Amino acid sequence: MELLKMARQRTVAMALVVGVLASITIDQVQSIGVCNGKVGDNLPSRAEVVRLYKSLGIGAMRIYEPEPETLLALDGTEIDLIMDVGGAFAAIASDPAAAAGWIRDNVLAFPGVRIKYIAAGNEVEGSDTDSIVPAIKNLNAALAAASRTDVKVSTAVKMSVLGSSSPPSEGAFKDAFMTEVAKMLKATGAPLLANVYPYFAKRDTPDINLGFALFQQSPSTVSDSGLTYTNLFDAMVDALYSALEKAGAPEVPIVVSESGWPSAGDDLATVANAQAYNQGLIDHVGKGTPKRAVPLEAYIFAMFNENQKGGAVTEKNFGLFNGPDKTPVYPIKFNN
């Protein structure tokens, strides 16, 4: 059985989920954030969303393009931010002046926002992959010129960048561009941002044991090079670490820039499964993976259900909250 058939991955991840609002604490969950998408017509204002993050103690957010309203609301909050370049990707890659302008308008103009990472592209495919390294170079040059080398630039990839992934020690990048990306990240001290979804692996490979995908007790453990895997998430992340090692960049850390499980839309997408997966992720990431037993930074996708997303019904139902009233889709505990 191929436990790690990672087919389609999705766009748009890091999180502290919520549950019974009055009982949430996060003292032991500092490596979890929440992705904040906006593809809906019933979502709270950006200021309301940031207030919700603050009220719950959520310490990190990912957004998929720079938004002045969100950035203004984040000012002074000490919420760490992953900010994607969005539609400016091609211009940034081709023109250093465009990169400098983007940094001026979206980083320097908001000195009170704790921008931690910039994502130069999200799940870039095809010929556009040739633009990833130039975009990272141009953004890094602009940040250096502005004395903001504290901000690290990376790109967010999906699992299909791997040509081999099972067992985890066999993880290897499929295309040469990823070796160049890995070398760039090694040189700059930036992490690889990775969107990791056991849900899609399980959906596309029914033989995978559901408990193995949900951080639950399962007969499907994997023994590999002296390491034992009791869940699919660890196996997927460590396949990426193996690929980085083969690319000559073993010191590059991974930040899981998206992970989650939908609560509606197909037989796997149930409230119970979504709750089990996201609770399991929150409880687990502080332990790291068998290959890297150090706390892993991860972002749950997503803060809200997004009713205007295209594709399958599941795409609209990855949220921890319902948009209109900010009620939780299911209870989640942030403390262990």
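Some points to look at:
- Number of residues in region 222-276 that are among the acidic types (D, E), under 30 Å from N322 (Cβ atoms) and more than 16 Å from the chain's Cα centre (by Cα) equals 2.
- Only one of T11, T70, T25 that is modelled with pLDDT under 50, among the hydroxyl-bearing types (S, T, Y) and either under 13 Å from I115 (Cα atoms) or crowded, with 16+ Cβ neighbours inside 10 Å (or both): T11
- Restricted to strands (runs of 3 or more DSSP E) entirely inside region 128-210, those with at least 3 residues that are open to solvent by less than 10 Å² (accessible area, probe 1.4 Å) and either of a type in the set (G, A, S) or under 18 Å from V85 (Cα atoms) (or both) are 152-158, 192-195.
- Check on I82, of a type in the set (A, V, I, L, M), under 17 Å from S147 (Cβ atoms) and either modelled with pLDDT of 95 or more or part of a loop (DSSP other than H, G, I, E, B) (or both): no
- Set side by side, the residues A88, A98 differ, and just one is outside any strand (DSSP E or B) and touching a Phe, Trp or Tyr at 6+ places or on another chain (Cβ under 6 Å), which is A88.
The values are calculated or read from the model by the stated rules, or taken from the named source; none is laboratory data. Worth saying up front: this structure is predicted, and the values here are computed from it rather than measured. In this analysis, Cβ positions are derived from the backbone assuming ideal geometry, glycine residues included, and neighbour counts consider all displayed protein chains. When the accessible area is computed, the model is the full protein with side chains, heavy atoms only, and any ligands, DNA or RNA have been set aside. Shrake-Rupley method; radii C 1.70, N 1.55, O 1.52, S 1.80 Å.
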